[in-house]
Amino acid sequence: MSGAEKVVGVIGGSGYIASWLVKLLLLRGYTVRATVRDPSDPKKTGHLLALEGAKERLHLFEAELLEEGSFDSVVDGCECVFHTASPVLFSAADPQAELIDPALKGTLNVLRSFAKASSIKRVVVTSSMAAVAFSAKPVTSGVVIDETWHSDPEFCEKSKLWYMLSKTLAEKAAWEFAKENGIDLVTINPGYVIGPILQPTVNFSVEIILNLLNGAQTFPNKCYRFVDVRDVALAHILAFENHSAHGRYCLVGDVVHCHDALKILRNLYPTLHLPEK
C-alpha cells in the first residue's frame, strides 16, 4: 500500500521502535508528523532528519506526554496515529512518577487528543508482552488464554514489576477509553525488541545483548522473547494498512535461552570473551 498523500502521526518519534517506524513510513511515501520533546536537540532528531524522504515529508513537533492538549494540533489531519511513547525502565526510585504516570496518564492524554480529531481513522498503540505474560494465575488445561488475557496488576505490584505494571495499566486504560469514545484501536505487543539501532543511544532491550558482549562474567538463566525491531515497526504499519486488523497482536520472533543466544554471539564474534556460565 502506498502512503502517497497520506498523513500519519508518530508520538514519541525519536525512540527505538519509533525511529524505525518513521523510516519505514517515509519509504512507503507517507507524510509523517512526529513528536519529540525538543526538536532543536540534534541528539534526538539528527538521525530522523537524515532519513530518506525526511526533508520533504517529515515534520517534527514539540510535545509533552503529560501536558493536556499538547498533541491536539499535531494529530489533527492525520489518518492514523501511532502512539509509541512510554518509558522503558526495569528499576525506578519512584515507579509512580518515572513509569506509571507517563505510561498511564500519558496514554490517556494522547488518546484525548485523538478523540478530538475527526480525521483519524485508526490508532495503533505500542504495548508490550509485559502487559500479557505476568500473572500468578496457573495455566492449567482449564484456563483459556485469549485476547482478553492481561498481566495481573496486583501480581505485578506485589512483585515490584513496575514496568510490567505500567504497560498493563496503560493498555487496559487505552482499550476502555477507545470503547467509550468510539476509537478504532489496535495494540502491538512485542517481546524483547532487538536489532539495528537508528538513534544514537542504546535502549534497554538491546543493552541486554550489549552487556554480554562487554565483559559480563555470567549470563542470566532465563529465556527471552526476542523480536526484530524492523518487524515490530512494519507490524505497526500493517495494523493501519490492513482494514481487517483489530485487537491485540503479540510479536515474538523466537524464544531463546541466554545460553543459546551466546552460542550465536560466539559464532558472530569468535574473538570476544563471552561468559561461559
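Only the coordinates and a few stated rules stand behind these numbers; no lab work does. Keep in mind that what you see is a predicted model, and the values were worked out from it rather than measured. FYI the Cβ positions are ideal-geometry reconstructions off the backbone, even for glycines, and counts take in every protein chain you see.
For H83, the amide hydrogen comes within under 5 Å of the amide hydrogens of I11, V124, V125, T126, counting only partners 5 or more places away or on other chains and with H modelled in the peptide plane.
Measuring nothing but alpha carbons in region 1-69 and taking Rh as the Kirkwood radius, the Rg to Rh ratio lands at 0.96.
Once you have the Cα-Cα distance between E147 and N267, take 0.36 nm times their residue separation minus that, and quote the gain in nm to one decimal.
Values: separation 120, 0.36 × 120 = 43.20 nm, distance 3.81 nm.
Contour length minus the Cα-Cα distance gives 39.4 nm.
If you average the alpha carbon positions of region 115-169 and of region 10-28, how far apart do those two centres end up, in angstrom? Value for the Cα centre distance between the two parts: 23 Å.
Computed log10 I(q)/I(0) for region 105-243 at 0.09 Å⁻¹: -0.35, from the Debye equation with unit scatterers placed on every C-alpha and solvent omitted. Among the lysines of region 2-156, pairs at least eight places apart or on separate chains and with Cα atoms under 21 Å apart come to 10.
What are the semi-axes of the equivalent ellipsoid of region 175-277, taken as the square roots of 5 times the eigenvalues of the Cα gyration tensor, listed largest first and rounded to whole Å? Let's see the in-between values first.
Working: eigenvalues 241, 36, 29 Å².
Each semi-axis is the square root of five times an eigenvalue, giving 35, 13, 12 Å.
Local charge sum around P200 (other residues, Cβ-Cβ under 10 Å, Lys/Arg +1, Asp/Glu -1)?
Details: positive: K43, K44; negative: none.
That sum, taken over residues with Cβ under 10 Å, equals +2.
Adding -39500 (n - 2.57) for every DSSP H run of four residues or longer, then dividing by how many residues the chain holds, sets the calculated 222 nm ellipticity at -10500 deg cm²/dmol. Is the shape of region 52-177 rounded, prolate or oblate, going by the alpha carbon gyration tensor and its root eigenvalues a ≥ b ≥ c, with a/c under 1.5 for rounded and a/b larger than b/c for prolate? In terms of gyration-tensor shape, prolate.
Of the three principal axes defined by the Cα atoms of the chain, the extents in descending order read 55, 47, 38 Å.
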